[in-house]
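Heads up, the thing below is written out as structure tokens.
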Amino acid sequence: MNELITKTKQMLHDGEVGVVIGYERKNGRTVATPLFARNPEEAERLIFDSTCHTNLAVYLTREDHANLGRPAIVAKDADMRAVIALVQEGQVEADGVVLLSVSCDEMGAANAPCRFNGAMSVAEAAKWLAKKYPDKKIAPDKMALVDKLEAMNERERWDFWQNEFSRCIRCYACRQVCPLCYCRQCIVEKNQPQWVMPGIHPAGATAWNITRAFHLAGRCIDCGECERVCPMDIPLTALNRKLASTVAEHFDYAPGFDPEAKPVMANFKHDDKQEFFK
Amino acid sequence: MQTRGISKKNFDRLPEVLARAGRTVIAPVRNGEVVAFAAVGPDTAICLDEINTRLSLKEFFFPRTEPLLTFRRTENGIEMSDPAPTQGETIVIGARGCDAAALPALDALFNWDFRDEAYNRRRENTTVISIACNDCDACCFCTSVGGSPHNTAGSDIMLSETRDGGYLVEILTQKGEALADELADLLSEAPGEALPYAEVPVKFDAQKVRRALEENFDSPLWAELARTCLSCGCCTYVCPNCHCFDMQDEAGKSGGARIRMWDSCQFPLFTKHTSGHNPRPTQASRWRQRIQHKFNYYPQKFDCVSCVGCGRCIRLCPVGIDISEHLARIENEAPERPADHPNDNY
């Protein structure tokens, strides 16, 4: 990743950006941790390998980081989709961020080949993604659990999710790592009146997890971070992927590919299917 | 203190031998990738494969959610009642020494300005059989907070694995003795030799950290340490010592309950006033609170840190924050207070 470090140092040196958000390895740890490099010396610590999971786009909408100057972020394909989705939703200015595109052949696998694809603007990232993912679909192997759940009857599906949600401790790690969960006040924090049951029990956890998934319908860019960080191993991406496939089927839309496209939930077309009006 | 031995075969029979009507036996159980404490039946396999369970022991004393009172609408008005006790006699098998050591620290809190009846009832009804550690990982730091892989604090009986695959049984309390009497047929008088305990490196000096914390409430270091933190509550909920809670009403048309449930100082809502003002508006101020509370305020009040070094917060942090690394930095990088500092007299 020497090219990544060289490019980063040059950008920081030239003042093109104020901070580069990437990854570093702390001693003895198996998973990389985020690094905020603000000068060329700090940039020496940058790494990119198959343990660099965090979707760093999450930091772009944080108020605490607004004073660090124009950011560049080290971004895998899904992370670039997150930035584009944030541009689509008016949360990030297209020229307000530089993307340092990286790829890994197999995330999580030891010594998987990784590469730096160069610095990209949001428009260049969109072209890169359009070429690489022409059909914008979720890969079939990622739909395995969704398919298994579809084959169940309603009762079995309910029991499956009740068992999963019974472990939820409502730590909201799923929400906090999600770049698209940028609401200043989440609905579970609205307590006058209380909209979502606050208790850490299956009913409250069900209400929370369903609410989270629905609010990400047509917005989730499938980075999988919610599921990876869940301390209780709840298979959260199955909910998001089901909703993403429904949106794709009905509205021929996937978020995070075209920075000019209106978000599906903020758009209306005369030929939208309307069979759900009964 | 008495010592006995137990063979691996007899250890595996504990859930079966201990099963009684009205008694709950809790032990680490594997469910897919997750090893967690759960009630076990006579046939359940205890899983001691992991260095530590996903969640700590605390929820069996301080549950995720519990009703404080229930209420319902009747023809004669609102009727309120105390919830029935939820936990009778309980035996925990296979807690690590760090988890058990968190219990005396929690006792201090739950008997401080208010005696928490529900918590104390569960403590009195529970006997803890813990197990010493022969392995540790990069996240363990019990030796930095006054513990060790063979920390007997909070345990009634402690087991140490022996060279013959069984366990050395140390009987530490009266509750432990009563249980050992019940299990007399399974125990031998001649225990095997214990395997060497894990060597857990010391990562910081808790006394020096405390002094540095007293002197550095305001420091630019806090913003730097908290920079990558995303303010979820994972570290606080997996922590055996964190004990903050919220109280709310959950009600339907005909009635409901006033519940107490875990809450986290890392959530912005935790300190938000009804006026809208928030005294901890930034993640730096919230992260400072977590560290100050555990390593400065708690020792001031109760003479012990509110951390047992189990390492769960490090293992499970979504962005890999390592509190032991932060504490070492506070010890080494936080500026010392000048001798004439105005706060010297407080």
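Read-outs throughout are calculated quantities, based only on the coordinates presented, and are distinct from any laboratory measurement. Computed from a prediction, not measured in an experiment: that's the story for all the values here. Every residue, glycine as well, gets a Cβ built from its backbone with ideal geometry; the counts of neighbours run over all protein chains shown.
Key figures for this structure:
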quantity	calculated
Ratio Rg/Rh, restricted to the protein assembly as shown and using Cα atoms, in which Rh is the Kirkwood radius	0.98
Rotationally averaged projected area of chain B (alpha carbon convex hull; nm²)	21.8
Cross-link pairs beyond the 20 Å C-alpha cut-off, checked among A:26/A:142; A:76/A:127; A:76/A:131; A:26/B:294	A:26/A:142; A:26/B:294
Residue of B:209, B:29, B:17 that the Gaussian network model of chain B assigns the largest fluctuation, springs spanning Cα pairs under 10 Å	B:17
Within the stretch B:77-137, chymotrypsin sites (Phe, Trp or Tyr not before Pro) in DSSP loop having at most 14 other beta-carbon neighbours inside 10 Å	B:112, B:114
Low-density loop positions, GluC sites (Glu not before Pro), the stretch A:207-266 - DSSP coil, at most 13 other Cβ in 10 Å	A:260
Whole-Hz couplings from phi, Karplus 6.51/-1.76/1.60, listed for the stretch B:66-73; x for Gly and Pro	8, x, 8, 7, 10, 9, 8, 7
Helix-only [θ]222 nm of chain A, DSSP H runs n ≥ 4, -39500 (n - 2.57) each, per residue, nearest 500	-10000 deg cm²/dmol
Listed residues B:196, B:67, B:83, most fluctuating in chain B (Gaussian network, C-alpha, under 10 Å)	B:83
Within chain B, longest stretch free of exposed GluC sites (Glu not before Pro) [DSSP loop, at most 13 other beta carbons within 10 Å]	B:200-335
Two-site label geometry, residue B:174 and residue B:247: point separation in nm, points 7 Å out along Cα→Cβ	3.2
Residue-span extension gain [residue B:1 to residue B:254] - 0.36 nm each, minus C-alpha spacing	85.6 nm
Loop-located chymotrypsin sites (Phe, Trp or Tyr not before Pro) in the stretch A:114-201 whose Cβ has at most 14 other Cβ within 10 Å (DSSP)	A:195
Label point distance in nm, residue B:300-residue B:273, each placed 7 Å from Cα along Cα→Cβ	2.0
All-pairs Cα distance distribution in the stretch B:99-198, expressed in whole percent, bin size 10 Å	14, 39, 32, 14, 2
Residues A:122, B:128 arranged by fewest to most Cβ contacts within 10 Å	A:122, B:128
The stretch B:2-188, relative contact order in percent, only Cα pairs under 8 angstrom and at least six apart counted	25
Per-selection Kirkwood Rh - the stretch A:2-132 (Cα, Å, 1 d.p.)	14.7
With 5 Å bins from 0: P(r) over the stretch A:140-253, alpha-carbon pairs, percent	2, 11, 21, 24, 22, 13, 6, 1, 0
Footprinting exposure proxy for A:211, B:90 (fewest neighbouring C-beta atoms within 10 Å first)	A:211, B:90
Distance between modelled label sites at residue B:68 and residue A:144, nm, 7 Å Cα→Cβ extension	4.7
Fewest-first sequence of A:35, B:168, B:195 by Cβ atoms within 10 Å of each Cβ	B:195, B:168, A:35
Diffusion coefficient, µm² s⁻¹, Stokes-Einstein with Kirkwood Rh over alpha-carbon pairs of the stretch A:66-153 at 20 °C and 1.002 mPa s	143
Residue-averaged [θ]222 nm for chain B, counting only DSSP H segments that reach four residues, each worth -39500 (n - 2.57)	-7000 deg cm²/dmol
Relative contact order (%) - the stretch A:140-253, alpha-carbon pairs under 8 angstrom, separation at least six	31
³J(HN,Hα) computed for each position of the stretch A:194-209 - Karplus, 6.51 cos²θ - 1.76 cosθ + 1.60, integer Hz, glycine/proline x	7, 8, 10, 3, x, x, 8, 8, x, 5, x, 5, 5, 4, 5, 5
Tensor-based shape of the stretch A:1-66 (alpha-carbon gyration tensor, a/c under 1.5 rounded, otherwise prolate or oblate)	oblate
Chain B: most fluctuating residue of B:327, B:183, B:159 per GNM, C-alpha cutoff 10 Å	B:183
